[in-house]
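Please read the structure below before turning to the comments.
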Amino acid sequence: MACMHDHSCEDHDCSSNWSLYKHIDLSKVSALNEAVPGSVKSVFKAWEQRLNSSEGHLESNDGDPELLVFIPFTSDVKIKSISVVGGADGTSPSKLRVFINREGIDFSDAQSMQAVQEWDLVENLNGALEYQTRYSKFQSVGNITLHFPDNFGGDTTQIHYIGFKGEATQLKRDVVATIVYELMPNPSDHKTKAESGGGLSHIE
């Protein structure tokens, strides 16, 4: 399902307030089959800058339109929608398959694994479309892998912007908060009056 931006974005979830851009661990973003190493990082930007390609774009190698993009987040996120702005002249990706919390996926894995969700994309050159997720399946997302298997007939696949809308949790990745509390005091943990030699004992 796609959301058309025919409404005021300030009144809907498509406003920049819902953008997860600032929660992307950009230094660890990677792509397979990118023509220019590291160019994948240029497609992640603030929502307001989604049509600005001055810093480059992601493009597949000539004659091979398939792309695989790995995006880790700095905290667990809940993803409501995904937006993809592709290139012109048939170079936009025509399909998107998504995997969640799976690291090290290659093309062979992506082709054989069951995706969490798939979309048939349309050419979205002006960034006016968002693809809604099955929200219940996109909770506690630590990383996401996007598989673009094909395009609309171009020799290469071009992507100018990838955006996620949703919410981030407060807990950072790799940080576990453990709360230990005592339901019933263990007598061996606390000296009794007799065992402590009389007098009062102060238990911290």
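Think of region 79-151 as having a plus end and a minus end, set by charges on the Cβ of Lys, Arg, Asp and Glu; of TRP119, PRO93, GLN139, GLN139 sits farthest toward the positive end of this dipole.
Here region 14-172 exposes an accessible surface that is 46 percent carbon and sulfur, computed with a 1.4 Å probe and the other protein chains kept in place.
Give LYS22/LYS95; LYS41/LYS80; LYS28/LYS95; LYS45/LYS165; LYS80/LYS137; LYS41/LYS95 a once-over and call out the pairs whose C-alpha atoms are over 18 Å from each other. Pairs exceeding the cut-off: LYS22/LYS95; LYS41/LYS80; LYS28/LYS95; LYS41/LYS95. Computed over protein heavy atoms with a 1.4 Å probe, the accessible surface of region 15-85 works out to 43 Å² per residue.
The values are calculated or read from the model by the stated rules, or taken from the named source; none is laboratory data. Treat the numbers as computed from the prediction; the structure is a model and nothing was measured. Cβ sites come from the backbone with ideal geometry, for glycine too, and all protein chains shown count toward neighbours. To get the accessible areas, we keep the full protein, side chains included, count just its heavy atoms, and leave off ligands, DNA and RNA. Shrake-Rupley method; radii C 1.70, N 1.55, O 1.52, S 1.80 Å.
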